[in-house]
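One structure below.
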Amino acid sequence: GGKIPIRWTAPEAIAYRKFSSASDAWSYGIVMWEVMSYGERPYWEMSNQDVILSIEEGYRLPAPMGCPASLHQLMLHCWQKERNHRPKFSDIVSFLDKLIRNPSTLHTLVEDVLV
């Protein structure tokens, strides 16, 4: 097997090589964070080992500056420890579609995020 990109990979994929649409949702949340932070490196200068330990202890990346709470909430949903608690891509698409169709809801949808 090849190397795993630790910063973008779900905990179960790192620990057990269990890759699924749920681990893809985790990665999607990280990429979304990168986009909203204008290309910052996820977990900044932390070592891969520190990233793994921090995530296990419950740490999640904070909202990038200026990132609407509803989008950070979506990221946090993607980063749920239990993979079956993460959103399905159909739910992510539906949520983002609502935002695109009605941008004024960007700041009010926090409660509606993939409940």
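Kindly indicate whether Lys98 is surrounded by 11 or more Cβ atoms within 10 Å (Cβ to Cβ), touching a residue at least 60 places away in the same chain (Cβ under 8 Å) and out of contact with any Phe, Trp or Tyr (no Cβ under 8 Å at 6 or more places or on another chain). The answer is no for Lys98. The single condition among (1) farther than 24 Å from Glu12 by Cα; (2) in contact with a Cys (Cβ under 6 Å, 6 or more places away or on another chain) that Lys98 does not satisfy is (2).
Taken together, the values in this text are just the output of simple stated rules run on the coordinates, not laboratory data. Note that this is a predicted model, so its numbers are computed, not measured. Glycine also receives a Cβ, built like all others from the backbone with ideal geometry; neighbour counts cover every protein chain displayed.
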